[in-house]
Amino acid sequence: MQTRLQLFHAWTRQLQSMLPGMRITRVRNLALLSLGLIWAECVTLSRIAAVLPCTVNDLSTETRLQRWIANHCVPVAATWRTLAQALLTPLGQREVLLVFDPTPHTRHWTLLMLGVAMRGRVLPLAWHLVPATSPWQHDTWTYLARLCRRVADMLPAGTTVTLVLDRGLVSAAVLDLCRELGWHYVIRLSVDARQGLHVRLADGRVVPAWSLVSGPGCRWSGQVETFQAQGWRTAWLTITWSRRYEEPWLLLSDRPAGPERVREYRRRTTVEACYQDCKRRGWDLEASRIRDRNRLNRLLLALVLALWWSYLLGASVIRNGLRRRFDRPNRRDRSVMRLGRRWMQHCLARDHLPALLFRYQNGVWSCRWTF
């Protein structure tokens, strides 16, 4: 318990240095909740309180965390922006893949998330909660544009960005947004004959994009023009129809068509692993029973911080060849998140402090690990 207390104090001091404008009590509670999420491996506050190194009883600690989640003075957006900028500092002058994807959260909310694709995961960078059933205040495109602009402000200068989108978000406005932000894009088109996009080929013919391949095993690539109603936009179209799938992938991009676009889009599927980490396979976010949007946003702030820390610890375990210490030698049972949490428990059980998430170097706060 003494080592856990030392880690809590070190983590609090680090967050306080990075968030000088936040009241120290709020910083302490953020540090408590984010560490408790890693140690308890769930979002249930009573179980989190039971593993925290507090001198008061568990009920008092639970009440303390409840009050922080209910505190409307906690600046979620500004706090996360500061922390995310430090996390993304190592990505300067590199190429990153951003994935946008919605997921339902209970029957009350839908979580819209924009994250960065890492090894086997898509880690959240910006999110927004919208009602699950009621009509949204804005359309999906509007929320996407807001999230993209928020992330653009976080990224270090010189970062090359590719935005990956699934079906249902294809529009000329998305292409214009990427051009405005200086981003590349890879967007999957629908193969539905009623919703499918028409394209103009080099010979002037206007045909449905899905009609350019005839069956499994076929491929097509080339430069086309799209969105006739909004004024033609020039883009590259990659079509691949694997024999394992019932329908082809139609990928629209601003960069030359080919297998590289398919590989970029394929990385979008790792977002599901991140959602599973947050849900039943991991922290079981839906067990929190929080219905208020602002309170859920504050819980998400601490959870995303814990998720990043767990992922980077787990990635360092794999990179340093220590995976076999915590996982089966004949197959991979533990995810990178679980490896990170196990490594932290391993260090604490031996009275060692695990590496903190951030470091201060050359006058700048940044992530301790390189990607």
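The values are calculated or read from the model by the stated rules, or taken from the named source; none is laboratory data. Everything quoted here is computed from the prediction, not taken from an experiment. Here Cβ is always computed from backbone atoms with ideal geometry, including for glycine, and neighbour counts include all displayed protein chains. The protein model used for the area step is the full one, side chains on, heavy atoms only, and it has no ligands, DNA or RNA in it. Shrake-Rupley method; radii C 1.70, N 1.55, O 1.52, S 1.80 Å.
Couple of notes before you dig in:
- Flag for V51 being on the phi < 0 side of the Ramachandran plot and modelled with pLDDT of 95 or more: no
- Residue satisfying condition, being of a type outside the set (D, E), over 25 Å from P75 (Cα atoms) and within 22 Å of the chain's Cα centre (by Cα), within set R293, R255, R298, R261: R261
- Note on region 344-371: residues that are polar (S, T, N, Q), in contact (Cβ under 8 Å) with a residue 24 or more places away in the chain and part of a loop (DSSP other than H, G, I, E, B) amount to 1.
- Of all residues in region 157-175, those that are within 16 Å of L91 (Cβ to Cβ) have Cβ atoms under 6 Å from Cβ atoms of residues that are open to solvent by 30 Å² or more (accessible area, probe 1.4 Å), 6 or more apart or on another chain, in G158/Q93; T160/E95; T162/H184.
- Looking across region 44-84, the residues that are farther than 30 Å from A152 by Cα and in contact with a Leu (Cβ under 7 Å, 6 or more places away or on another chain) come down to L45, I48, A49, L52, P53, T61, E62, L65, Q66.
- Candidates A257, A349, filtered to the one that is aliphatic (A, V, I, L, M), in contact with a Ser or Thr (Cβ under 9 Å, 6 or more places away or on another chain) and surrounded by fewer than 22 Cβ atoms within 10 Å (Cβ to Cβ): A349
- Scanning region 41-60 for residues that are of a type in the set (G, A, S) and either in contact with an Asp or Glu (Cβ under 8 Å, 6 or more places away or on another chain) or under 17 Å from R298 (Cβ atoms) (or both) turns up S46, A49, A50.
- V304 part of a helix (DSSP H, G or I) and closer than 22 Å to E95 by Cβ: no
- Within region 151-160, one or more residues are under 30 Å from L305 (Cα atoms) and more than 19 Å from the chain's Cα centre (by Cα).
- Within region 37-147, helices (runs of 4 or more DSSP H) holding 3 or more residues that are without any contact (Cβ under 8 Å) to a residue 60 or more places away in the chain and open to solvent by less than 50 Å² (accessible area, probe 1.4 Å): 45-51, 58-70
- Matching residues in region 291-311 - criterion: being among the polar types (S, T, N, Q) and over 25 Å from M344 (Cβ atoms): N294, N297
- Residue within region 202-216 that is more than 32 Å from the chain's Cα centre (by Cα), of a type in the set (S, T, N, Q) and surrounded by fewer than 20 Cβ atoms within 10 Å (Cβ to Cβ) present: yes
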